[in-house]
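S.K.: Below are the structure tokens for one structure; questions will follow.
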Amino acid sequence: MKLHYYEETDSLYIDLSHRVSVDSREVVPGVILDFDEEGHLVGIDIDNASKVLDLTKLETESVPISGR
């Protein structure tokens, strides 16, 4: 998973997969979900991110990281 913040558009993209997005759906104003060809969620785009999120801190909790 990767987080990409784009200052010029004030958007945060959460890249959940290496798969290519072929469909996007806005689920609430400013939040767009991207799906691959099989309908799996591959990314989340959040517009006006600095206004709706606290971008000063990033935390993870109970992330199952293995040595694969």
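S.K.: Restrict the check to the range 30-49 and report whether at least one residue is modelled with pLDDT under 95 and small (Gly, Ala, Ser).
M.R.: If we filter the range 30-49 for residues that are modelled with pLDDT under 95, which is where we start, we get none.
No, the range 30-49 contains no residue that is modelled with pLDDT under 95 and small (Gly, Ala, Ser).
S.K.: Filter the range 28-68 down to the residues that are surrounded by 10 or more Cβ atoms within 10 Å (Cβ to Cβ) and either free of Cβ contacts under 8 Å to residues at least 12 places away in the same chain or aliphatic (A, V, I, L, M) (or both) and list them by number.
M.R.: Result: 31, 32, 33, 41, 42, 44, 46, 49, 52, 53, 55.
S.K.: Follow-up question, since we're still on this one. Checking the condition on the phi < 0 side of the Ramachandran plot, surrounded by fewer than 11 Cβ atoms within 10 Å (Cβ to Cβ) and not acidic (Asp, Glu), which residue from 4, 18 passes? Please lay out each step first, then the result.
M.R.: Working: 4 fails: surrounded by fewer than 11 Cβ atoms within 10 Å (Cβ to Cβ).
None of the others qualify; the one that does is 18.
S.K.: Follow-up question, since we're still on this one. Mind listing whichever residues of the range 11-22 are at pLDDT 95 or above and out of contact with any Asp or Glu (no Cβ under 7 Å at 6 or more places or on another chain)?
M.R.: Once the filter is applied, which keeps residues that are at pLDDT 95 or above and out of contact with any Asp or Glu (no Cβ under 7 Å at 6 or more places or on another chain), the range 11-22 yields 12, 14, 15, 16.
The values are calculated or read from the model by the stated rules, or taken from the named source; none is laboratory data. Being a predicted model, the structure only gives us computed values, none of them experimental. Virtual Cβ from ideal backbone geometry, glycine too; neighbours counted across all protein chains shown.
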